Amino acid sequence: MRQLGEDRKLGRIGSDDYNLQSLEIVLALKKLGEDLLPEEKAIVERSSESMQQFKAASEELGEEVIGMAGEGVRAAAAGGGS
């Protein structure tokens with residue numbers, strides 16, 4: 001993790017790569033049964049929050065798409081279809 005942080009500070013890797021690799025390392029440690037440090041727990045929590053926001057946005061978008069598709073079907077049915 002220390003090396004990863006240094007690579008980020010030096011611009012060798014971007015923020016997205018840093019976040020992804022940090023999460024992978026922390027999840028591997030957790031899977032191995034290691035006790036996580038507070039900053040490692042924070043990485044997992046941030047990831048969980050991001051995933052919840054992504055899920056909520058995806059569900060909202062899905063509902064909008066279904067609604068638009070339903071309107072299209074209704075319009076086609078009302079127009080006679082040909």
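Mind checking whether some residue in region 26-36 is without any contact (Cβ under 8 Å) to a residue 60 or more places away in the chain and within 15 Å of Gln3 (Cα to Cα)? Yes, region 26-36 contains at least one residue that is without any contact (Cβ under 8 Å) to a residue 60 or more places away in the chain and within 15 Å of Gln3 (Cα to Cα).
Taken together, Leu32, Leu4, Leu61 contain a single residue that is out of contact with any Gly (no Cβ under 9 Å at 6 or more places or on another chain) and surrounded by 13 or more Cβ atoms within 10 Å (Cβ to Cβ), which is Leu4. Name the pairs whose Cβ atoms lie under 6 Å apart, with the first residue in region 48-75 and closer than 20 Å to Leu20 by Cα, the second modelled with pLDDT under 75 and among the aromatic types (Phe, Trp, Tyr), and 6 or more positions between them or separate chains? Every condition considered, no pair remains.
The values are calculated or read from the model by the stated rules, or taken from the named source; none is laboratory data. Every value quoted in this text rests on a predicted model; they were computed, and no experiment measured them. Counting neighbours? That spans all protein chains shown, and the Cβs are built from the backbone with ideal geometry, glycine included.
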